[in-house]
1. Multiply the residue gap between Thr385 and Lys402 by 0.36 nm, knock off their C-alpha separation, and tell me the result in nm, one decimal place.
2. What FRET efficiency comes out for Asp689 versus Ser799 if R0 is 35 angstrom and r is the Cβ-Cβ distance? Round to the nearest 0.05.
3. Please list, ordered by chain and number, the residues whose modelled amide H lies under 5 Å from the amide H of Ala761; skip anything fewer than 5 residues away on the same chain.
4. Compute the length gained on full extension between Thr670 and Phe646: take 0.36 nm times their separation in residues and subtract their Cα-Cα distance, giving the result in nm to one decimal.
5. Express the Stokes-Einstein translational diffusion coefficient of region 335-579 in µm² s⁻¹, to the nearest whole number, given a Kirkwood radius over alpha-carbon pairs, 25 °C and a viscosity of 0.890 mPa s.
6. Measure off 7 Å from each Cα along the Cα-to-Cβ vector at Arg916 and Glu157, then give the distance between these two points in nanometres to one decimal.
7. Excluding Glu543 itself, what net charge comes from residues whose Cβ is under 11 Å from its Cβ, given Lys and Arg +1 and Asp and Glu -1?
8. Test of understanding: what is the full-extension gain from Glu576 to Lys292, defined as 0.36 nm times their sequence separation minus their Cα-Cα distance?
Amino acid sequence: METHEDDHPQADPEDAVDLTHVTFIYRLFTISWGITFFLILTLYPIILLIEHFSTSSFARWYTPIKCLALFFFLVPFIPLLSGPCLGACLTFLFILIKLPFIMVWGLGVAYFKLGMLVAGWLWGYLFSGVKIAVFRAPLLEWFWRHWTFQTPRFGWESIPESRSKVGDEHHRTTSQLCEGCMGVIERSGLIVGNSRVVTPRREVHGWLLHIKGVEIRGEEQVACHLCNILWYSMERKVREDVANGMNYGRRVIEREAGGEGLESGKQEVEQIVQLNVVIYEEYGRRWYNERKRYIQVCASPGMAVQNNMRAFLISEESLKGESASIEVPFWTGAPDCIDLAREWIERCESEHDLCKTTNATTDILPTRLVYVGSLVSPELRIHTTSPGEDISYLALSHCWGKSKFESLSVENHESWCRGIELETLPANFQDAIHFTRSIGKSFVWIDSLCIIQDCPEDWAREAAKMSSVYSQAYCTISASGADEANGGCFRTRNPLMKFPCNLLFSDDDTLAIRTVDSASENDNFGVEVDASPLSKRAWAFQERLLSKRIVHFGANYLFFECSFHFASELLQGGQEFSSKRTPAPPKHFFNNWLSHFLSRFAGEGHETKGPTTCVSSSRYDSVTGYRAAFNTLRQSEPTLPSDTHFLQLRLHASWYELVTMYTSADLTNTSDRLIAIYGIAQGIQDPQDPPNYIAGLWKHHLPYDLLWHLDTVPSPRPRYPRAPSWSWGAIDGRVTQSLLVPPVAKKEPDFHIISTANIIAVEMLESTPGIAKGYIDLECHWFDITNLTYGPNRYHTSSLVLRTTEIPFKAEYIPDYMTEQPEFCVELVRVVRLDQRLPATWILETHGIALGGERGEIGNGEGYRRVGTWVARWEMDVREVEAYRQRMGERGRSGDVELFLAALGDAGRGVGEGGRRVVRVV
């Protein structure tokens, strides 16, 4: 039978599969897998070694390479997520399946992110497993007890004496080393590294020191930073024993050295003492993660660590863009320090918009200022200001202490307007006057020189202006290091004992040692400023918070603080306030956006060093500290809507953050309890709005503010009332609040709060900065008390039982006073929240105050005194929560009080069934 070509169906060319493409894709997958497995075996061991033992400067170069390796050559457990496989898949989709390019690109980006997430997760486990196997294996334990790793630190250097200024009698240059100390550093494998990578864990180096008595006298060693730290850190008795050759070291040379002024027949003896410097690394169970190295003086090579000779931690840290060596004066009042402070102030004035915004509510000058003239033409007298004057002045914040000194009085006011003798003033005032003249200003405000101290009317009038005095000052001078008026702002110090010594450094990082109180400690600003004698004063808290910028003269160092940043003598460029640390900015080719993204998922590794945007633990920073709370209140209080419960709660918490700090500070006269915080209230209150500040509380969130409680043991009620019982100003002691403030993201639906009390009236019968009288009318739930149990000290251990129409319930009780008994309780706030510890559990809280004490007639009716606070908590049934959500869904989340109470099951709990009534609290 004859067939024809036309009888067979013809295949469509478009439907034919191109086997060439399939073969190409198959080969591409095969080659990518082969490359992946090969490089895993060769590249990963190298990465692991470099990951842990390289220096941080070298780590900056290998980190991007490691990140790319993690992506392109992933671990063999998931080869389909490797880089070559990604390329093969995308090629397959684009060529064979013919997907659009945009779709292929989107799939590639998603694939890339998934690969990096898995890579980071696996890398952490892989790296941890390798470290445990290598460093904690029983067979290798003996080796690691005696040896450690340290790769060479390429590009790092020290500062020899010949390359820097030795300094004069007024200055010293930090981090310069004498020839002997340079030799110790250069021979140390633990510091400069070892080409063999492995180096002994303990090194002993000889150290020769020129001394005369107990003082260093070698020409180079006097200026050697390391010599000064190692020698003067010893107790004087130990140094005397070393000089006498008793148990410590050996006297190599003893020679006579004559000197001017010596008595006849007496000669000074200069010695060269031989000691040893031990550099060692601690060994512990996890030494490979916590590698701590120390340097210490030792009498002989075989001796163990000696307790009377301190060991100094060698820490690797960032230079934060500063020079490794600086010239530091012996005196904080030296011209170099004054110039540095002037530079800080001028830069803040010109660059910081946040600091240009004044905290003052008006532009009223202080009634009096001290005119100081200038350095060229000094003059000192009291100047009475006039309306419309344009005067730039400084203000002094200081401790009075127990020292007696002459202050402005009715008697000397007229004579002081003509002139004041500088020598009659205490040291704090003299130093503040010198600083004012040195930075080119002619006026300074000092409380005891500008307020007539024996005139109550003048004192009350000027105290009411405190907000504008400090908020409008060009700069505040803070005598942080002085605990009394004669302490002085300026201090003498040995710079080589106060500043860190950089033994070895690169462009960005350094190996540094320091004494305990060195200015480079992370919490140094907190120690020198926040924990200073001045910061313990309640008045100083207000002065610091209101000031735009402050120069702090600490016990050892000079600091600067403003709303934008913090600076010190070591960190002269300043460091911004921030809530978290951020990596250093890119400095080389590999640190582009790709390496930054990859490094987020690179797993365990070196911490990026360099400048950060986080100041060390200051409680006053403008991001998370007291300044942040103050700024929040200042910006929100004047425009606060009355129905925003969460905003009210947050402002309440911000205010009591300030109140807690203020009431924990010292106040010489307890009668000033409301006066010394009045300036802060003025800074918050807009003068164009009706008064919202009432005796330490705010009308905008009054139900919350009424829930303050003591954080100390209660004391008797003051003999002379200075505020209503509902104000924390009426009692003595530290005050705080206990309402939980959730994060913004958690407010719905995990947290709900409502005020169950209505404020009917707030009437202030007398309201001055120091004395307040008034009452508050509340419409609220009230409960009778059936039982009251006091704890051992009547503080946070007391409880009471409240009666309702259903069942009684127990509440925690915190009394305000030692002796006064509560008669009944009222409810102010109710909260329902999800328990963070038990996510499936909801908590119902009800907060209120206890009333009782002596009743008094005030206004039009009988009033009750507040005597304490109470809170009750229950775990809520899931059905109640569902009912709550259902009703809120039906009626909307309007915050209606009745709906809220019904949804929480008032009848089931018995809460609120005690009845509602209007109660006057006086």
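1. Numbers: separation 17, 0.36 × 17 = 6.12 nm, distance 3.08 nm.
Fully extending the segment from Thr385 to Lys402 adds 3.0 nm.
2. Values: r = 42 Å, r/R0 = 1.19.
Once the sixth-power term is evaluated, E becomes 0.25.
3. Placed amide hydrogens put Asp777 under 5 Å from Ala761.
4. Numbers: separation 24, 0.36 × 24 = 8.64 nm, distance 3.37 nm.
Result for the pair: 5.3 nm of gain on full extension.
5. Numbers: Rh = 18.9 Å.
Estimated via Stokes-Einstein, D reaches 130 µm²/s.
6. Distance between the two pseudo-spin positions: 8.0 nm.
7. Numbers: positive: Arg537, Arg544; negative: Asp447.
So the surrounding residues net to +1.
8. Numbers: separation 284, 0.36 × 284 = 102.24 nm, distance 2.92 nm.
Extending this stretch completely gives an extra 99.3 nm.
The values are calculated or read from the model by the stated rules, or taken from the named source; none is laboratory data. Every value quoted in this text rests on a predicted model; they were computed, and no experiment measured them. So basically every Cβ, Gly included, is an ideal-geometry build from the backbone, and we count neighbours across all protein chains shown. Only protein heavy atoms, including side chains, enter the accessible area calculation; ligands, DNA and RNA are left aside. Shrake-Rupley method; radii C 1.70, N 1.55, O 1.52, S 1.80 Å.
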